Amino acid sequence: MRRFVFVIVLLITFRLSAQETPQISDTIQLGEVVSYGHLQKFQSGAKIEKISGAQYILSQDGNLEQLLTRSLPIAFKSDAGGLSTIRIRGTAANHTSVNFGGIDLNSLTLGQSNFNNIPVFLFDEIGVQFGSASSVNGSGSIGGAIHLGLINRWTDGFKLETRVSHGSFGEQLYGTKIFAGNGKFESVSRAYYYYKKNDFPFLNNTYRDFENNIFEIEDVQKNASIEKYGLLQELNYRFAENEFFTLNVWLENNWRQNQQNMQTNLNNPDFSEDYEDKHIRIWAGYKNRKNPFKFEINGGYVFDDAVNNGSTKDTIRTQRAIAEAFVEHDFRSDASYKIGAKAERIFPEVYAYSSSLEKEDRVDFYASYYQRFFRKLSLTLNLRQGFVTDFNVPFTPSVGLNYLVVSKEYWVLRFLGSVARSYRVPTFNDRFWIPGGNPDLDSEKGINYELGTKWSYCNGDISGNLKINGFYLNIEDWILWKNGGSFWYAENVQKVKSRGLEVMTAWSYKLFGLPATSGLNYSLTSTKRIESQNNTNAINRQMEYVPLHSGNCFTTIQWNDLDFTIDGSYTGEQYIDEEDRNVLDAYILFNTSVAYDLEINSANRFIITGAVNNLLDVDYQSSWGYAMPGISYRLGLTYKFN
């Protein structure tokens, strides 16, 4: 039945055949007036995807992991809402940077982000870069980079948006966005509160009754509650059309009961442990884009504090001050360059570090060049050199190109390619945790080769594109923690190669006379450890928690003010450790949603949404031994006042 529904969705997706089609846009850029990051100008050949508006709206009640798994071919290792880590192109969780302005959200102690703690509701745009991006983003972007964007709308007047949603297992979201301004000054306040009791039923397969030959029992998840709230405040002032100042303050508090595995949930149902992290993130900048010489001066402050199981004496806290400035010069209509520098001073305060570690300084110098030839070929070159206190950082260049092969009346064909070096400075835990930290570790180093093509088509009621990307990623000095008997210790132990193919397509068309949009994403990712100092039989075998095959598809049909969407995702089987017998089964999930846009008058509008997730009530696991919820619902109401 599951496969039948999946095939039906695919058939709807490709019910486009030979209908005829006038005009076409050959490139898709992220919005020009975005507070955070022009991603593509100096990265010709890089694969950068922007989440579509429709997918964004349908996922605004959830977290970033839920959005990305339903819209892009990206794998995650997750439990039921408490912890989720990303695996872009087979890399580790600490190989993808998550960027908010000049701030990398990844923990300086752990080196990764929990995607369950990043609410979609707070942001206007989300961009994802596949493949190495260290030459642009610095340390950590070996597998890719996520960019969280805010759009400066320069509100003239007052706007209000409020959102309320309730769902299964005690899920609640309350959010508001308040826009106020006079066209030059703008204040935007975004706040949310999220709670979920997370007491879902599941089939516990760790039960053992040998006498009656019973090896599973109905159970309910206990002590896995989640509570999160945050505020993102923007203050923007526009001096002139292309000259403005922005200040953004993001306050966040995340608390969760760590979900226990199925065996603990069954045998020790009263056991509970919690984890809380608090964040203060401030980013401010002056931007002048009026002349051929454009420049920006930015600065920020970040405070991260984690409390494990209520133990405030075991301090896990870091603070950092950030400064960045760059100049961009369009010295010809078809050529420009960019030169900049970024500096950070970090103050770690962790109970397991040596008291002699007071601070660490990091400085990066970078340069980028863009050139367009004959209106068909664009070429970019990026250079970056970092410096870290008492640590050697490799030089990371990258080069990319975008070539317009054919441009016809109804269609356009492009080729893209890039070569990029990348690196990751070991985390503070890797270097300074006592015992086991190793200050003599080398940086992890990667090199990424990318080759892709994009075919875009537009004629009449049909428009869309097909993108195919092949990649090869080689990572050396991959850091792991090894069992040393009396304690674990960090070491550069293995070499990993990842290669694969990604296919993405999206189309707009008419289905039975109604506007429709469909998309399909597929990833073939072969990631293997080629060398390892560990005594392992898993050499030249697929890495743990990296599915060889994964993908998703969706179809949205619009009827007047009503949108109906059905989407499905497939995750192939995954090894969970270095033993060949321990494998997570493949699974297919389906979701459906509906949205109704009710306009009362020009100033008042309601958007009513409903969703059913895991439509077929599939029993599956994303992380070994941890239960996941079955079928669930979510109802939401948004009110907009302008």
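Just the number, please: percent antiparallel of the DSSP beta bridges in the range 357-424, rounded to the nearest 5. Show your work: numbers first, answer last.
Details: 31 of 31 bridges.
Around 100 percent antiparallel, to the nearest 5.
Can you check what the net charge comes to around residue 313, using other residues whose Cβ is under 15 Å from the Cβ of residue 313 (Lys, Arg +1; Asp, Glu -1)?
-3
Once each part is reduced to its C-alpha centroid, what is the distance from the range 598-642 to the range 371-388 in angstrom?
Measuring centre to centre over Cα atoms gives 42 Å.
If the only charges are +1 at each Lys and Arg Cβ and -1 at each Asp and Glu Cβ, what is the size of the charge dipole of the chain around the Cα centre, to the nearest 20 debye?
Values: 62 positive and 71 negative charges, 432 e Å.
Roughly 2080 debye for the chain.
Lysine pairs in the range 442-511 with alpha-carbon atoms under 24 Å apart, 8 or more places apart or on different chains: how many are there?
The result is 9.
Whole angstrom only: what separates the Cα centroid of the range 181-213 from the Cα centroid of the range 441-496?
Cα centres, the range 181-213 to the range 441-496: 29 Å.
Each residue of the range 326-335 in order: what ³J(HN,Hα) in whole Hz does its phi give by Karplus 6.51 cos²θ - 1.76 cosθ + 1.60, θ = phi - 60°, with x for Gly and Pro?
Working through the residues one at a time gives 8, 10, 10, 10, 8, 7, 9, 5, 10, 8 Hz.
Report the extension gain between residue 323 and residue 349 in nm, rounded to one decimal, defined as 0.36 nm multiplied by the number of residues separating them, less their alpha carbon distance.
7.2 nm
Modelling each spin label as a point 7 Å along the Cα-to-Cβ direction, I'd like the residue 261/residue 339 distance in nm, to one decimal.
Simple spin-label model gives 5.6 nm for this pair.
Name the residue farthest towards the positive end of the dipole of the chain from the options 51, 564, 487, assuming +1 on Cβ of Lys and Arg, -1 on Cβ of Asp and Glu, about the Cα centre.
Working it through, the farthest residue towards the positive pole turns out to be 51.
Cross-link partners among lysines for residue 640, C-alpha distance below 22 Å, same-chain residues fewer than 8 apart left out?
Filter leaves 159, 177.
Counting Lys +1, Arg +1, Asp -1, Glu -1, what net charge surrounds residue 525 among other residues with beta carbon under 11 Å of its beta carbon?
+3
Straight distance only, please: which lysines reach the Cα of residue 287 with their own Cα at less than 18 Å, same-chain residues fewer than 8 apart left out?
Reachable lysines: 41, 184, 338, 342.
About the Cα centre of the range 58-190, how large is the charge dipole given +1 on each Lys and Arg Cβ and -1 on each Asp and Glu Cβ? Please answer in debye to the nearest 20. Walk me through the numbers before you get to the answer.
Working: 10 positive and 10 negative charges, 25 e Å.
Dipole about the Cα centre, nearest 20: 120 debye.
How do 497-506, 119-128 rank on mean C-beta neighbours within 10 Å, highest first? Don't jump to the answer; show the numbers that get you there.
Numbers: 497-506: 18.9, 119-128: 21.2.
Most protected by this proxy first, the peptides run 119-128, 497-506.
Straight-line reach from residue 313: which lysines have Cα under 24 Å away, leaving out those fewer than 8 places along the same chain?
Of all the lysines, those that pass the test against residue 313 - Cα under 24 Å, at least 8 places apart if same chain - are 228, 278, 359.
Which is farthest toward the positive dipole end of the chain among 378, 331, 83, measuring Cα position about the Cα centre, with Cβ charges +1 (Lys, Arg) and -1 (Asp, Glu)?
Projecting each Cα onto the dipole axis, the largest value belongs to 331.
Loop-only check: which chymotrypsin sites (Phe, Trp or Tyr not before Pro) in the range 258-361 are DSSP coil with at most 13 other Cβ within 10 angstrom?
Working: sites: 271, 275, 283, 286, 293, 295, 301, 303, 326, 331, 337, 351, 353; in loops: 271, 351, 353.
Qualifying residues, ordered by number: 271, 351.
Which one, 282, 459, 69, is farthest towards the positive end of the dipole of the chain when Lys and Arg carry +1 and Asp and Glu -1 on their Cβ?
Ranked along the dipole, the leading option is 459.
Say R0 is 25 Å: what FRET efficiency, to the nearest 0.05, do residue 153 and residue 296 get from their beta-carbon distance?
Numbers: r = 20 Å, r/R0 = 0.79.
Efficiency for this residue pair is about 0.80.
For a label point 7 angstrom out from the Cα of residue 483 toward its Cβ, which stretches of the range 47-91 have the backbone nitrogen within less than 20 Å?
So the set is empty, nothing qualifies.
Values quoted throughout were computed directly from the atomic coordinates according to the rules given, and no laboratory measurement underlies them. What you see is a predicted model; the values in this text were computed from it and never measured. Note that each Cβ is placed from the backbone with ideal geometry, even for glycine, and that neighbours are counted across all protein chains shown.
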